[in-house]
Amino acid sequence: MPAEEQFKAPEQKKAEEKPVEAQQELEGKKERAAPREAKKDEKKDDKAKRVIVLERVVTIPLSTAYKKPRNSRANYAVRLLRSEVARAFKVKDLKKVKIMAKASHAVAARGGRYPPKRLKVACAKDKDGVVTVELA
């Protein structure tokens, strides 16, 4: 009999049973994830609290980007878009012009070499002087 016991396979643990340490790690991760969710909720509240002072739909000419070397045209077009919107809305600091993802993707839709000649965007300026640029 003792020889048979040596060759027996060890009992396998059930999938449901987890060590206590693993459960504590999972609980710790859940606790750490909670503040992130709270921050997302705060950002949503901030957007709702924004008081819009001025809204316009503007067509921005980007054709001057074609004077630049082919590889850097889209990057220049985004900078051009930012500066033209800042000029139209009388914003001195270019950091206050926020270009939303859809507008940025529209500039690079045909790749970095061939940006559009003009782009129609909807811009909104809030009371803090921050201008958001969205695709119209």
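The values are calculated or read from the model by the stated rules, or taken from the named source; none is laboratory data. Computed from a predicted model, the values in this text were never measured in an experiment. As a convention, Cβ positions derive from the backbone with ideal geometry for all residues, glycine included, and neighbour counts pool all protein chains shown.
For the stretch 51-73, the set of residues classified as surrounded by 14 or more Cβ atoms within 10 Å (Cβ to Cβ) and hydrophobic (A, V, I, L, M, F, W, C) consists of 58, 60, 62, 65, listed by residue number.
The residues of the stretch 109-136 that are surrounded by 14 or more Cβ atoms within 10 Å (Cβ to Cβ) and of a type in the set (Asp, Glu), listed by number, are 126, 134. Scanning the stretch 71-89 for residues that are farther than 16 Å from residue 120 by Cα and either modelled with pLDDT under 95 or polar (S, T, N, Q) (or both) yields 71, 72, 75.
Residues in the stretch 91-108 that are surrounded by 11 or more Cβ atoms within 10 Å (Cβ to Cβ), without any contact (Cβ under 8 Å) to a residue 40 or more places away in the chain and not in a helix (DSSP H, G or I): 97, 98, 99, 100, 108.
Of 79, 70, all but one fail to be among the charged types (D, E, K, R) and either within 20 Å of the chain's Cα centre (by Cα) or closer than 13 Å to residue 133 by Cβ (or both); the exception is 79.
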